[in-house]
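A short write-up of the structure that comes next.
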Amino acid sequence: MVAQNPGTPRELERYLRPENMAGLGFEQVCGAAGAVRTRTAFNATVQVFGVSLNPQVIQPGDVFLGISGAKRHGAEFVDTAISNGAVAIITDTAGLELLPEDLSIPVAVVANVRKSAAQIAQAVYGTKDKSPTLFAVTGTNGKTTTTFMIRSILEALGEVTGLIGTIEMSARGQIIPSVLTTPESTQLHGVLARMAQQDVTSVAMEVSSHSLSYGRVDALNFAVAGYTNLTQDHLDLHGTMEDYFQTKAELFTAEHSQSAVVMVDDQYGARLADQAQIPTLSLSLDESNTAAHWRVIELEHSGLGHSFTLAHRDGQVLRTRTALPGMFNVANAALATVMVLASGVELDALQKALDAKDPLSVAVPGRMQVVAESPVAVVDFAHNSDALAKALDSIRPGANGRRIIVFGATGERDKTKRPDMGAVAARHADIVIVTDDDPHGEAPEPIREQVAAGAQEVIRNERGETVLYNIAPRAKAVEFAVSLAKSNDAILVAGRGHEVSQDVAGIDVELDDRVELANALNLHGFVTKS
């Protein structure tokens, strides 16, 4: 349930804070920050009740962290912070030089504000001593679904849960309003303190490479960290796959996590399990991989999904199922199950919860979300080559049916993956419809052409029977896909999943793939799922 009209970003910030804070002396805050010096205006009686990097969302009693940004330094906006109620400032040497000499509130200087931010928030919000048990999931694909599954298993076990991820942030089943996709470290500590006040006992969290690179999960202590897979993505940030891998690997150190579960079916997972600096369980979908601690055996189709057994090399077994289609969802379900087990849950108690509640069949918005069954019509978030291939392979058309895909590539992101995505689509689908995703500030036509070029190369040299279209806008492409479909076909609309608006030249255009697909199916006389 979402709060009605939750308000401005500054009003929304209140949902990311605990209530009735006792306050912490600025002198103690400076100690947590590792402040190297303070201004003469320092006042030991100042009490701090919150922390923020953003002057626009400062609450009364906050310490404002003036950080160097991509274009401007946060210290330039000190007047806004003070007018919103900031009682103290912590910044770096560059920020100090930008501050007026006659400020009426104390100022402290640290070497690196971003690196100090998490420690400051931990001290102010008390999350070192009072925090729910934390589960972290990282990897290129599968993070969202795995965290939903972890939460579902924990609820089946009677835990009071929270979730922090791409689709939603919630506590006790109540949505926490936010304008952020990835919270800053200050907000993560604040919202975890709020969850602790609400008696939340366990929280499942997506941990992206961006959050690791920018220190957003610093000073958090994860009981169990999980790894899904690593494929080409985010190279606009990391530059190379090796840097991408090493960033992910930071989560699997004692600084961040107590234990880990790692899928070892790709080269990076195998490396990670071998080099992880914390107690680590390996997990494989390969039944023949008897070296893995846990492996999936006795895999069988069950409706659109699968039933399977998790077998430990010492003889322990867990039997379960997921209604979500695709082998990658078997991997997600297996990882979620072993992560919960690794947190200290008894095997028998976990088996009873799996049997009684079917928690691994939880619906995840925009993740292999089935909109119709005849034709099979699915919306998924797949937005890189590996995810596209797996999503296409997971949708099963009827006898003599065809696979139809509608997708695009995002603007202002890794351009090298665009032709690769087109090539994958042409190899795995019979009809490929290239359209727009989020162009952002790029012209959409060249993006489509780069994706289509990869598909054309495969059609020319490998798979001449594949049919390619280039259609925009996206809603028109979805409707066109349905107009081509027969009841025994399978349609995948990929790339956007749960998102409800499209960024075109900085303007948010209302667009929900699930709605567009359902409308098109109804228009052409097909029955959709309620």
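Would you be able to say whether some residue in the stretch 515-522 is charged (D, E, K, R), without any contact (Cβ under 8 Å) to a residue 40 or more places away in the chain and under 23 Å from Ala363 (Cα atoms)? Checked against the condition, which is being charged (D, E, K, R), without any contact (Cβ under 8 Å) to a residue 40 or more places away in the chain and under 23 Å from Ala363 (Cα atoms), the stretch 515-522 yields no hits at all.
Pick from the stretch 308-321 the residues that are in contact with a His (Cβ under 8 Å, 6 or more places away or on another chain) and without any contact (Cβ under 8 Å) to a residue 40 or more places away in the chain: which of them is surrounded by the most Cβ atoms within 10 Å (Cβ to Cβ)? Here the residue is His312.
If you filter the stretch 334-377 down to residues that are assigned to a loop (DSSP other than H, G, I, E, B) and among the hydroxyl-bearing types (Ser, Thr, Tyr), you find that the one that is surrounded by the most Cβ atoms within 10 Å (Cβ to Cβ) is Ser343.
Is there a residue being modelled with pLDDT of 95 or more, in a strand (DSSP E or B) and either under 23 Å from the mean Cα position of the chain (by Cα) or aromatic (Phe, Trp, Tyr) (or both) anywhere in the stretch 307-319? Looking for residues that are modelled with pLDDT of 95 or more, in a strand (DSSP E or B) and either under 23 Å from the mean Cα position of the chain (by Cα) or aromatic (Phe, Trp, Tyr) (or both), one finds at least one in the stretch 307-319, hence yes. Evaluation of Glu373 against the conditions (1) touching a residue at least 60 places away in the same chain (Cβ under 8 Å); (2) under 17 Å from His498 (Cβ atoms) shows that the sole unmet condition is (2). Condition check: buried (at least 24 other Cβ atoms within 10 Å of the Cβ) and either on the phi < 0 side of the Ramachandran plot or in a loop (DSSP other than H, G, I, E, B) (or both). Does Ala382 satisfy that? Considered against the rule, which asks whether it is buried (at least 24 other Cβ atoms within 10 Å of the Cβ) and either on the phi < 0 side of the Ramachandran plot or in a loop (DSSP other than H, G, I, E, B) (or both), Ala382 comes out as yes. Candidates Ala196, Ala204: the one that is part of a strand (DSSP E or B), under 21 Å from Val345 (Cβ atoms), small (Gly, Ala, Ser) and at pLDDT 95 or above is Ala204. Annotation note: of Gly269, Gly303, Gly215, Gly315, the sole residue that is closer than 29 Å to Arg418 by Cβ, among the small types (Gly, Ala, Ser) and not assigned by TED's automatic domain parsing to the domain that holds Ile395 is Gly269.
In the set (1) assigned to a loop (DSSP other than H, G, I, E, B); (2) modelled with pLDDT under 95, Thr247 fails one condition alone, (1).
Only one entry of Asp393, Asp414 meets the criterion of being outside any loop (DSSP other than H, G, I, E, B) and surrounded by fewer than 21 Cβ atoms within 10 Å (Cβ to Cβ), and that entry is Asp393. Counting only helices (runs of 4 or more DSSP H) wholly contained in the stretch 27-127, the ones carrying 3 or more residues that are surrounded by 17 or more Cβ atoms within 10 Å (Cβ to Cβ), polar (S, T, N, Q) and on the phi < 0 side of the Ramachandran plot occupy 113-125.
The values are calculated or read from the model by the stated rules, or taken from the named source; none is laboratory data. Computed from a prediction, not measured in an experiment: that's the story for all the values here. Methodologically, a virtual Cβ is constructed for each residue, glycine included, from the backbone with ideal geometry; neighbour enumeration extends over all protein chains shown.
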